[in-house]
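Please read the structure below before turning to the comments.
The values are calculated or read from the model by the stated rules, or taken from the named source; none is laboratory data. The shown structure was predicted, so the numbers you read here are calculated from the model rather than taken from an experiment. As a convention, Cβ positions derive from the backbone with ideal geometry for all residues, glycine included, and neighbour counts pool all protein chains shown.
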Amino acid sequence: MNNNNEKKYIRSHEPVFWGLFGAGGTLTAFMTPVMILITGILVPIGLFGEGKFNYQQIHQFATSWYGAAIILILVALPLWHTFHRIFHGLHDLGVKQGRDWQQVICYGSAFAVTIFVLTLLLQMIAA
Amino acid sequence: MANKTIKIEILRYRPEQEDKPSPQLFEVPYSPDLTILEALQYIKDHLDSTISFRWSCRMAICGSCGLMVDGVPKLGCKTFLRDYFPNKIKLEALANFPIERDLVVVMDDFINKLEEIKPYIIPEDNTKCLSDGPHQQTPEKLAKYKQYSMCINCGLCYAACPQYALDTKFTGPAALALLARYNRDSRDAGSKQRMKIVNQEEGVWGCTFVGYCSVVCPKGVDPAAAIQLLKVESSKDYLIGMFKPD
Amino acid sequence: MSKRKPYQREVSSKWWLAQAFYSKYMLREGSSIFITLYSLILGWGVFRLSQGEAAFNAWMESLQHPSAIIFHFIALLFAIYHSFTWFSLAPKAMDIWLKGKPLEDKLIVSGHYIAFIIVSVFCLVVIL
Ligand code: SF4
Ligand code: FES
């Protein structure tokens, strides 16, 4: 407690993570249901014709620069949203131990997957 | 309509004689136009004069009669027995605050937070003299903050907020809504000082947008919206701060 | 001497079960677990894609397993719940004023739903 000087205010870096959370959350809200419907349900039960969603088609898409960008965003951005929620969810559940580590692991996972997918896409484009 | 009654269970706490709260059951005459506050007054007048609770205006404007009704934060004077009858009603002191005695809570932390956000107009400069007349404001400019100025400091939103429950360092809904009220006022120039409070971890960033504060608020203040908009402001402030650190 | 002895109530770590509103909040936050897993499945798919046709087809085949379909079905429900909550809360994070009046919440929410339907139909048509 300091009596005479003003209280020290410490700026949080949360805006960075909140920005990514918001972008990912919006993308997820608009895109994830239809994506799951397509890749998780309609394609596996064979509702699309044989020529659709096959290796050639997807590979061609993934090796175009815009296709690669779309795939990166669709796969990685939601993770910045979800891991943010998981990090805060742990606090909600009263997991108090090692908040620093929880933070590193949560955002680190989102970061790692982003880099992983980015590297794969760049490799495919280069090949 | 002969002599209907309703059961009211109150979580009592008498610090001079017990270590923790315990419930006590009362039965009071029922009528559809009675409020919880009137039922409490009936209990105090006729059944047990030792019961403690706060009230003043009886018309949802002083903000002193907040309590938990069946686990939901409510104003006693704005909540009617008819909405619970014939079921038993459970009353408890406002959640997330320490209990002083019976239904009375310690609100010091809440009041300190309201004071901390500088809840007064900070004019741009002191050059304007009283004789220059009032600071003019258009109805549009008033509309920008009016809703946030309706707060009666009842604390229901703090009782509704799990983030405040988990960590009382969080500035909390009403104080942040009040902060927004002054930051959004065209006559005020204190935003820069107040953004320092907003930008902290304990400022808006303690909020995970549960949104229950806005549901329980008896005056339609919508603190959750105030906080979301302040998060946007804080993010802008963060970006500006990266290029122009002060 | 003061007899004051304020009583501090404990917060149970199961507070979110006590009130339906809180439980719904936790469900909303919990949607993130399923969406995380879904993203990881897709990320894995990109990895298999980079390994060539045989690997990619094996990944596609693994998605046909009944447990995979059940998972995706549950994930779909959570994702839709996320969209629903996201759209309903959207007006609170927007400060749009037209002619001195705030834009009505209903308009913002329905605008989101219309965009959602357009995006979904567009995706289905493009893939089909
Ligand atoms: S914002 Fe609403 S609930 Fe919170 S203290 Fe003010 S009037 Fe009460
Ligand atoms: S007695 Fe004043 S708000 Fe209820």
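Between C:SER83, C:SER31, C:SER39, C:SER23, the distinction of being within 20 Å of the chain's Cα centre (by Cα), modelled with pLDDT of 95 or more and within 30 Å of A:ALA127 (Cα to Cα) belongs to C:SER39 only.
Restrict the check to region B:62-69 and report whether at least one residue is within 13 Å of ligand 1 (Cβ to nearest atom), surrounded by fewer than 17 Cβ atoms within 10 Å (Cβ to Cβ), in the same structural domain as B:ILE10 (by TED's automatic domain parsing) and under 16 Å from the mean Cα position of the chain (by Cα). Checked against the condition, which is being within 13 Å of ligand 1 (Cβ to nearest atom), surrounded by fewer than 17 Cβ atoms within 10 Å (Cβ to Cβ), in the same structural domain as B:ILE10 (by TED's automatic domain parsing) and under 16 Å from the mean Cα position of the chain (by Cα), region B:62-69 yields at least one hit. Among the residues of region B:197-240, those identified as aromatic (Phe, Trp, Tyr) and either within 15 Å of ligand 1 (Cβ to nearest atom) or on the phi < 0 side of the Ramachandran plot (or both) are B:TRP205, B:TYR212, B:TYR238.
Once region B:123-157 is narrowed to residues that are outside any helix (DSSP H, G or I) and within 14 Å of chain C (Cβ to nearest Cβ), the residue that is nearest to ligand 1 (Cβ to nearest atom) is B:TYR145.
For region B:1-115, give me every one of the strands (runs of 3 or more DSSP E) that falls completely inside it and has 2 or more residues that are more than 14 Å from every other protein chain (Cβ to nearest Cβ).
Because the criterion is at least 2 residues that are more than 14 Å from every other protein chain (Cβ to nearest Cβ), the strands (runs of 3 or more DSSP E) in region B:1-115 that meet it are B:5-12, B:22-29, B:89-92.
Looking across B:TYR120, B:TYR84, one residue alone is among the aromatic types (Phe, Trp, Tyr), away from ligand 1 (no atom under 16 Å from the Cβ) and in the same structural domain as B:PRO29 (by TED's automatic domain parsing). It is B:TYR84.
Against the condition over 27 Å from C:SER31 (Cα atoms) and either modelled with pLDDT of 95 or more or within 10 Å of another protein chain (Cβ to nearest Cβ) (or both), how does A:ALA62 come out, does it pass?
Numbers: over 27 Å from C:SER31 (Cα atoms): yes; either modelled with pLDDT of 95 or more or within 10 Å of another protein chain (Cβ to nearest Cβ) (or both): yes.
The answer is yes for A:ALA62.
Taking into account only those residues within region B:128-155 that are at pLDDT 90 or above and of a type in the set (D, E, K, R), which is nearest to ligand 2 (Cβ to nearest atom)? Restricting to residues being at pLDDT 90 or above and of a type in the set (D, E, K, R), the top hit is B:LYS146.
Here B:LYS231, B:LYS236, B:LYS192, B:LYS219 are screened, and the one residue that is modelled with pLDDT under 95 and assigned by TED's automatic domain parsing to the domain that holds B:LYS118 is B:LYS192.
Any residue at all in region A:6-25 that is at the interface with chain C (Cβ under 7 Å from one of its Cβ atoms) and within 25 Å of C:ILE117 (Cβ to Cβ)? Steps first, answer last, please.
So in region A:6-25, the residues at the interface with chain C (Cβ under 7 Å from one of its Cβ atoms) come out as A:25.
Cutting the leftovers down to within 25 Å of C:ILE117 (Cβ to Cβ) gives us A:25.
Yes: region A:6-25 contains one or more residues that are at the interface with chain C (Cβ under 7 Å from one of its Cβ atoms) and within 25 Å of C:ILE117 (Cβ to Cβ).
The number of residues in region C:58-106 being under 21 Å from B:VAL232 (Cβ atoms), within 7 Å of chain A (Cβ to nearest Cβ) and hydrophobic (A, V, I, L, M, F, W, C) comes to 2. When residues of region A:112-127 are filtered for being within 9 Å of chain C (Cβ to nearest Cβ) and over 15 Å from C:GLY43 (Cβ atoms), how many remain? Final tally of qualifying residues: 1.
Among the residues of region A:102-111, none qualifies, meaning not one is among the small types (Gly, Ala, Ser), over 15 Å from the mean Cα position of the chain (by Cα) and more than 10 Å from chain C (Cβ to nearest Cβ). Of the residues making up region A:69-101, those that are of a type outside the set (A, V, I, L, M) and within 12 Å of the chain's Cα centre (by Cα) are A:PRO78, A:TRP80, A:HIS81, A:THR82, A:PHE83, A:HIS84, A:ARG85. Remark: pairs (first residue in region B:164-187, without any contact (Cβ under 8 Å) to a residue 40 or more places away in the chain and more than 10 Å from every other protein chain (Cβ to nearest Cβ); second residue away from ligand 1 (no atom under 14 Å from the Cβ) and of a type outside the set (S, T, N, Q); Cβ separation under 7 Å; 6+ apart in sequence or on different chains) = B:LYS169/B:GLU202; B:PHE170/B:GLU202; B:PHE170/B:GLY206. For A:LYS96, the conditions (1) in a loop (DSSP other than H, G, I, E, B); (2) facing another protein chain (nearest Cβ under 8 Å); (3) not polar (S, T, N, Q) are fulfilled apart from (2). Scanning region C:33-57 for residues that are in contact with a Lys or Arg (Cβ under 6 Å, 6 or more places away or on another chain) and at the interface with chain A (Cβ under 7 Å from one of its Cβ atoms) yields a single hit, C:PHE56. Regarding B:PHE97, is this residue of a type in the set (Phe, Trp, Tyr) and within 13 Å of B:ALA159 (Cβ to Cβ)? When the stated conditions are applied, B:PHE97 passes them.
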